[in-house]
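Below is one structure, written out as structure tokens; the observations come after it.
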Amino acid sequence: MTTGCSREPFFRVAESILTAQAGAGRLDGHDVGRVINGAEAAYLVQRLVAARAAASALGQVAGYKVGMSSRLIQGNFGLTEPVYGHVFGSRLFESGAALSVQRSRRLGVECEIAATLAGDLGPEGAPYDAAGIAGRVQSLHAAIEVIENRFANLEETPVWALAADNMIGFGGVISAGATVVEPLASRGGRILVDGEVRETGRSGDLAYGGPMGCLAWLANQLSRVGAGLRAGQVVFCGGITAPYWLEPPSDRDASEITADVTGFESARLTINWE
């Protein structure tokens with residue numbers, strides 16, 4: 001399926017996704033879905049986008065995100081496991097960052113727990129499990145995952161087309177790191193916009209028992225294709241809350257986003273709407 005001249009459609013999709021991620025275009029979910037018909041094609045296009053992003057303003061891959069991370073959401077899309085995507089260096093921020101965004105961009109936010117890795121997690125150490133992988137984490141963070149609807153017809157877009165577009169990931173914000181690891185499966189989380197609570201959830205609703213289980217799943221998935229996670233990379237371990245889609249306010253030019261996770265310092269982001 002992905003050899004020889006048959007790769008040309010994947011290169012075209014990758015170019016259109018890279019353009020949309022840079023904010024210079026919109027994607028048609030039907031067009032992408034005609035090329036991306038499953039996990040293999042989606043992850044191939046992700047790799048093509050990442051290779052091109054390294055030479056663009058997006059920059060090198062700085063980490064990963066675990067999407068579709070709850071059993072309920074997976075069931076709604078006919079999935080049996082999560083979906084992963086890349087996080088690029090230019091869009092990984094520390095708490096307190098300010099991000100300038102055109103009002104036409106359709107952003108959303110989720111509350112998550114993110115992990116910064118202390119060492120490599122490659123195929124040579126697989127398979128990984130939640131208990132063992134916790135010791136390979138340098139620090140944990142409350143996090144804001146920023147997502148973006150780059151599709152003209154999101155509701156009609158097949159799930160693997162969404163996956164090819166890094167599961168509609170935009171970037172993320174992490175709080176100051178903490179070394180506490182367990183119990184992570186009992187943490188409450190919430191996302192606030194301009195001081196008002198918009199979404200709440202619990203880390204125990206994530207697949208595989210919580211954030212460390214999702215991290216182990218990701219390491220195993222990458223190991224199966226001969227890849228892996230690297231020391232210093234940041235992994236957003238799945239949405240504790242449902243996404244909250246932002247509306248640029250009509251009476252001011254900024255939105256203040258906060259992610260609170262029990263036992264962690266809050267993650268904060270200012271979005272300046274242009």
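Results, tabulated for the structure shown:
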{"read-out": "Gain in span if fully extended, Ala118 to Ala98, counting 0.36 nm per residue against the direct Cα distance", "value": "4.5 nm"}
{"read-out": "Nearest-0.05 FRET efficiency for Glu8 and Trp245, computed from C-beta distance (R0 22 Å)", "value": "0.05"}
{"read-out": "FRET efficiency, Ala57 to Arg230 (Cβ-Cβ, R0 25 Å, nearest 0.05)", "value": "0.70"}
{"read-out": "Among 49-55, 111-117, 257-263, 65-71, the order from most to least packed when residues are scored by Cβ within 10 Å on average", "value": "111-117, 65-71, 257-263, 49-55"}
{"read-out": "For a label point 7 Å along the Cα-to-beta-carbon line of Ser266, residues of the stretch 76-105 with backbone N under 18 Å", "value": "94-99"}
{"read-out": "For the chain, radius of gyration divided by Kirkwood radius, i.e. Rg to Rh on alpha-carbons", "value": "0.94"}
{"read-out": "Over the chain: helical MRE at 222 nm, DSSP H runs n ≥ 4 each giving -39500 (n - 2.57), nearest 500", "value": "-7000 deg cm²/dmol"}
{"read-out": "Charge context of Ala142, other residues only, Cβ under 13 angstrom, K/R +1, D/E -1", "value": "-3"}
{"read-out": "Net charge, Ala118 excluded, C-beta distance under 14 Å - Lys, Arg +1, Asp, Glu -1", "value": "+1"}
{"read-out": "Percent of C-alpha pairs per 5 Å bin, the stretch 179-253, short to long", "value": "3, 13, 18, 18, 15, 14, 9, 6, 3, 1, 0"}
{"read-out": "Mean Cα-pair separation over length for the stretch 1-100, i.e. relative contact order, pairs under 8 Å, 6 or more apart, %", "value": "22 percent"}
{"read-out": "Part-to-part distance (alpha-carbon centres) for the stretch 70-135 and the stretch 161-238, which is given in Å", "value": "4 Å"}
{"read-out": "Relative contact order computed over the chain (Cα-Cα under 8 Å; 6+ residues apart), in percent", "value": "27 percent"}
{"read-out": "Rg(Cα)/(2.2 N^0.38 Å) for the stretch 110-155, N = residue count", "value": "1.64"}
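Since every read-out is calculated from the coordinates, none of them should be taken as a lab result. Predicted model, so just to flag it, every value in this text is computed and none were measured. All Cβ positions, even for glycine, are placed from backbone atoms using ideal geometry, and neighbour counts span all protein chains on display.
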